[in-house]
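Notes for the one structure printed next.
Laboratory data are not the source of any read-out in this text; all were calculated from the coordinates shown. For clarity, every value in this text was computed on a predicted model and none was experimentally measured. Cβ placement follows ideal geometry from the backbone for every residue including glycine, while neighbour counts extend to all protein chains displayed.
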Amino acid sequence: MSTTRAPRQKAPPGTCDSHFHIFGPYDRFPLSDSRRYDPPAALVPDYLAMAETVGIERMVVVQASVSGTDNAVTLDAVRQFGLHRARGVAVVDAAFSDAAFKTMHDQGIRGIRFNIATGGGTPEEQLAGIARRIAPLGWHIQVYADGDKLEEIAPVLAKLPVQVVIDHCGGVMSDLGTGHSQFQALLRLLDSGNAWVKVCSYRVSSKGQPWDDTGANVRALVAAAPERCVWGTDWPHPQMDPCPEAGLQLDLFRDWITDTATRQRVLVDNAAKLYGF
């Protein structure tokens, strides 16, 4: 479980953490048998302590690969946080009924995650079919993929009948540079008007701690689509050693995006539109 030091300045009112996970308690919410790692428990009170330190007021719980398609832990977390400030992104497969989707909508779910990078979720070939089924709900498809895979599937994503939200700066490693074909494919996807990107960037760092080599990626993405970038902590930073700190990540974002109005859009306004706050 990761804690954080306070940022130099707290996040502005209404700031939304658009990407984090809750793990456990495991006696109630066991991990999937098909998981690829064993995260320590990271509970709602732990998250709220971090959020208070950073100044986060809204939050989007993302179902992690280790929980498979049993979304109970995510739905319970959204319930605990309350729909006045929380939404969720679920993991499903084609076996889920439309009635189940409607129930999940009422419980705060607003998107379906396809985790292509680490697996444990919806098969890639179900992208188009599930997108068609969730379109009437106004949900989006969230995609976690490495940069080479994202480049491959970007034309498919651009044609889906729903908005598409790309995790972790598109998985394009910082040392490739923003002129690389992977990054250019991400920019073209943003240009389609159908895509959003989460500028939670440390997973695309080529240098590691303090993960400050990703600034060019973040600046380029925000410049390309300031109205369709959202920020997230990726708390509790699974499989990271050492763990980033959310307060430091907010400081870096402020250093990279110096215009106050643009920061307000990315930290507050865009997420309010995307998730329906």
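Remark on region 16-275: hydrodynamic radius 18.2 angstrom, per the Kirkwood mean of 1/r across alpha carbon pairs. Pairs of Cα atoms under 8 Å, at least six residues apart: use those to get the relative contact order of region 16-275, whole percent. Result for region 16-275 is 17 percent. In terms of other Cβ atoms within 10 Å, Asp98, Asp269, Asp106 run from fewest to most in the order Asp106, Asp98, Asp269. Each stretch of four or more DSSP H residues adds -39500 (n - 2.57); spread over every residue of the chain, this sum gives -9500 deg cm²/dmol at 222 nm.
Between the alpha-carbon centres of region 212-277 and region 117-168 there is a gap of 21 Å.
For region 210-277, what class follows from the C-alpha gyration tensor (a ≥ b ≥ c being the square roots of its eigenvalues): rounded when a/c is under 1.5, otherwise prolate if a/b is larger than b/c, else oblate? It comes out oblate by the Cα gyration axes.
Straight Cα distances below 16 angstrom link Lys198 to the lysines Lys273, with same-chain residues fewer than 8 positions distant left out. The residues packed around Glu152, meaning those with a beta-carbon under 11 Å from its beta-carbon, carry a net charge of -3 if Lys and Arg are +1 and Asp and Glu are -1.
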